[in-house]
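Student: Encoded as structure tokens, here's the structure I'll be asking about.
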Amino acid sequence: MKTRAGRSSDRRSPRGPTALVLACLLASGCAVGPNFAPPAAPAVDRYPDQSVPARLEADGSAQTIEPGRPTAPTWWRLFGSPALDDLVAAGLKSSPTLASARQALQESQDQARAGAGVFFPSVGAAASAVSERTNPVEFGQGGQGSTFSLYTLTGAVGYALDLFGGERRQVEALNAQADYQRNAVGAAYLLLTGDIVDAAVARAGYAEQVATLADIVRLDQAQRDILKTEYDAGTAAWSAELAAEQQLDADEQSLSLERQRLAASVTLLQTLMGREPAEASPEPPALDDFAVPPDAPVSLPSQLVRERPDILEAEANLHQASAQVGVATAALFPSISITGDYGAASTSLASLASPMGRFWSVGPTIDVPIFRGGELWYGRKAAQAAFVKAAADYRQTVLAALEQVADSVKALGGDAEIAAASRQAFDAAALDSKLSDANRTSGLISDFDAMTADIATDRARLTLVAAKSQRLQDVVALYLASGGGWTGQDPGSGRIAVSAK
């Protein structure tokens, strides 16, 4: 507040400005712009009939599709692997991605609290002590200048009347941004837990495939050596040896590829847990440690829009865009603020408290936007366009979420069929391998033929491992598509820090 020294003291009550202030206060209860309401739930509260049975049975495990049942917040425990639980716990504790999301939430909450300060009067105080020398020439006068000191002490109070609700809409937008970040924590939490479980399943599957392919390569080498010996003895064709060599090369390439994938999955797990590649970590689970969860909860569309963090993020973004329309609309109207100051000024510090040096002022300031070159008008048009865009983005997010749930349910049905067929093929191959071993022991077949049966069993095992891995990963996809049981619980401390809508 600008200080005006030397002003005469006037004790008369400013009835005119006071009456205006009271009138403005009484009128400041409205807020222009749209009042936000959450979008309506999808009109159809079901998913298309995709011929998926309610109970899926395959490979010795049964799974029940349960529409409308909520997903457990700690859904990964349903896989029955303590080693997996340790991996997830390590990731939730050390992940920099989740830590970043938490701090972004804290930042947005503090910004919302800071923005709410506009609803309170601003109070300030200032003190100054300066020495000056006057020069009469500056005022067109002659003579000598003089030197004096000026001591000033002032206090100022200001309050912005939110007559058209622009400040309230701005704070509403800040709160919507905090809601967005709150659900961004949920999205980061689900993505992290899902990625850890998915990577753990992939690592376990790759480890099984590496071990199986290594056995196949060993048998390939043995068969190749047998054919080479027979060719050298003149009892086998060279083409047979070449074919065996080609098969060995192909299987060695597959083994090398699976080893690369295994190494990449291990590094990925380290990264997801917030660890460097060579840093010590919990022992990952083997594929046999995973059990197919007995329940497959499926969120209905009306539940999904209130549970999935990414949908709630889109809703918060829509809310923020709605509030910004109100901010831009309020900017078209006059703004009023009430200011007042009280102070004292004197050329002597000892006489600063003298009544003669006191001064004060109080009154409203009105800022009326008359012409801004279209800035305010088109600013409002831009805010309206942003709101329409946010509504379209929300709709697209909902549609994508519904698609993911429907596809995940369908995938589970197909996985069960593939797992059942893979198990039957493996069991048949394993039985044939046992018979071949018995016939080899009895001398009815050669070692080469017995190895061929063993290789067939290993290849059937590869298919079985791939089928189980895919089934487990599709279960993870369904849990995440259904919202992952996110309830607003802080995954780092276990305390309820935020609440889901």
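Student: Looking at S422, is it of a type in the set (S, T, N, Q) and out of contact with any helix residue (DSSP H, G or I) (no Cβ under 6 Å at 6 or more places or on another chain)?
Tutor: no
Student: Oh, and also: Run down A456, A466, A428 and say which single residue is in contact with a Gly (Cβ under 8 Å, 6 or more places away or on another chain), more than 30 Å from G326 (Cβ to Cβ), in a helix (DSSP H, G or I) and modelled with pLDDT of 95 or more.
Tutor: It is A466.
Student: Say whether the condition of being under 30 Å from V197 (Cβ atoms), under 54 Å from the mean Cα position of the chain (by Cα) and exposed (fewer than 12 other Cβ atoms within 10 Å of the Cβ) is met by at least one residue in the range 107-119.
Tutor: No, the range 107-119 has no match at all.
Student: Then there is this: Which numbered condition trips up V475, out of (1) more than 46 Å from the chain's Cα centre (by Cα); (2) surrounded by 21 or more Cβ atoms within 10 Å (Cβ to Cβ); (3) of a type in the set (V, I, T)?
Tutor: Among (1) more than 46 Å from the chain's Cα centre (by Cα); (2) surrounded by 21 or more Cβ atoms within 10 Å (Cβ to Cβ); (3) of a type in the set (V, I, T), the lone unmet condition for V475 is (1).
Student: Pairs, please: C-beta under 7 Å, at least 6 apart or cross-chain, first residue among the small types (G, A, S) and in the range 63-90, second assigned to a strand (DSSP E or B)?
Tutor: Pairs found: none.
Student: Taking D437 and the conditions (1) surrounded by fewer than 17 Cβ atoms within 10 Å (Cβ to Cβ); (2) touching a residue at least 24 places away in the same chain (Cβ under 8 Å); (3) out of contact with any strand residue (DSSP E or B) (no Cβ under 8 Å at 6 or more places or on another chain); (4) not small (G, A, S), which numbered condition does it fall short on, given that it satisfies the others?
Tutor: Of (1) surrounded by fewer than 17 Cβ atoms within 10 Å (Cβ to Cβ); (2) touching a residue at least 24 places away in the same chain (Cβ under 8 Å); (3) out of contact with any strand residue (DSSP E or B) (no Cβ under 8 Å at 6 or more places or on another chain); (4) not small (G, A, S), only one is false for D437: (2).
Student: List the number of the failed condition for D288; all other conditions in (1) free of Cβ contacts under 8 Å to residues at least 40 places away in the same chain; (2) buried (at least 16 other Cβ atoms within 10 Å of the Cβ) hold.
Tutor: It is condition (2) that D288 fails.
Student: Have a look at E172, E241 and point out the one that is of a type in the set (D, E, K, R) and more than 52 Å from the chain's Cα centre (by Cα). Lay out the reasoning, then the answer.
Tutor: Working: E172 fails: more than 52 Å from the chain's Cα centre (by Cα).
Exactly one residue qualifies, and that residue is E241.
Student: Go through the range 226-245 and give me each residue that's surrounded by 12 or more Cβ atoms within 10 Å (Cβ to Cβ) and in a helix (DSSP H, G or I).
Tutor: I226, L227, K228, T229, E230, Y231, A240, E241, L242, A243, A244, E245
Student: Of these, E132, E138, E167, which one is assigned to a strand (DSSP E or B) and farther than 30 Å from A199 by Cβ?
Tutor: E132
Student: Still on this structure, please answer the following. Given L248, L312, L318, L269, which one is under 30 Å from P82 (Cα atoms), part of a helix (DSSP H, G or I) and not polar (S, T, N, Q)? Reasoning before the result, please.
Tutor: On the way: L248 fails: under 30 Å from P82 (Cα atoms); L312 fails: under 30 Å from P82 (Cα atoms); L318 fails: under 30 Å from P82 (Cα atoms).
Just a single option satisfies the conditions, and that option is L269.
Student: Out of the residues in the range 32-75 meeting the condition of being of a type in the set (V, I, T) and within 18 Å of P309 (Cα to Cα), tell me which one is modelled with the lowest pLDDT.
Tutor: T71
Student: In addition: In the range 217-266, how many residues are within 30 Å of P277 (Cα to Cα), hydrophobic (A, V, I, L, M, F, W, C) and touching a helix residue (DSSP H, G or I) at 6+ places or on another chain (Cβ under 8 Å)?
Tutor: Final tally of qualifying residues: 4.
Student: Then there is this: Kindly indicate whether any position in the range 187-204 is hydroxyl-bearing (S, T, Y) and over 24 Å from the mean Cα position of the chain (by Cα).
Tutor: Within the range 187-204, not a single residue is hydroxyl-bearing (S, T, Y) and over 24 Å from the mean Cα position of the chain (by Cα).
Student: Restricting to the range 339-357, and then to whatever is part of a loop (DSSP other than H, G, I, E, B) and in contact with a Phe, Trp or Tyr (Cβ under 8 Å, 6 or more places away or on another chain), can you tell me which residue is surrounded by the most Cβ atoms within 10 Å (Cβ to Cβ)?
Tutor: L352
Student: Given the options I370, I366, I336, name the one that is farther than 24 Å from V130 by Cβ and surrounded by 20 or more Cβ atoms within 10 Å (Cβ to Cβ). Let's see the steps before the verdict.
Tutor: On the way: I370 fails: surrounded by 20 or more Cβ atoms within 10 Å (Cβ to Cβ); I366 fails: surrounded by 20 or more Cβ atoms within 10 Å (Cβ to Cβ).
On inspection, the qualifying residue turns out to be I336.
Student: In the range 74-108, how many are farther than 20 Å from A280 by Cβ and not hydrophobic (A, V, I, L, M, F, W, C)?
Tutor: Final tally of qualifying residues: 10.
Student: Here's a follow-up. Kindly indicate the residue of the range 301-330 that is touching a helix residue (DSSP H, G or I) at 6+ places or on another chain (Cβ under 7 Å) and either more than 30 Å from A40 (Cβ to Cβ) or hydroxyl-bearing (S, T, Y) (or both) and also surrounded by the most Cβ atoms within 10 Å (Cβ to Cβ) among those meeting that condition.
Tutor: Top of the filtered list is S322.
Student: Starting from the range 243-270, take each residue that is in contact (Cβ under 8 Å) with a residue 12 or more places away in the chain and β-branched (V, I, T) and list its partners that are surrounded by 14 or more Cβ atoms within 10 Å (Cβ to Cβ) and part of a helix (DSSP H, G or I), counting only C-beta distances under 7 angstrom and pairs at least six apart or across chains.
Tutor: Note: pairs meeting the criteria are V266/R203.
The values are calculated or read from the model by the stated rules, or taken from the named source; none is laboratory data. Remember, predicted model here, so these are calculated numbers, not experimental data. Note that we place each Cβ from the backbone using ideal geometry, even for glycine, and neighbour counts take in every protein chain shown.
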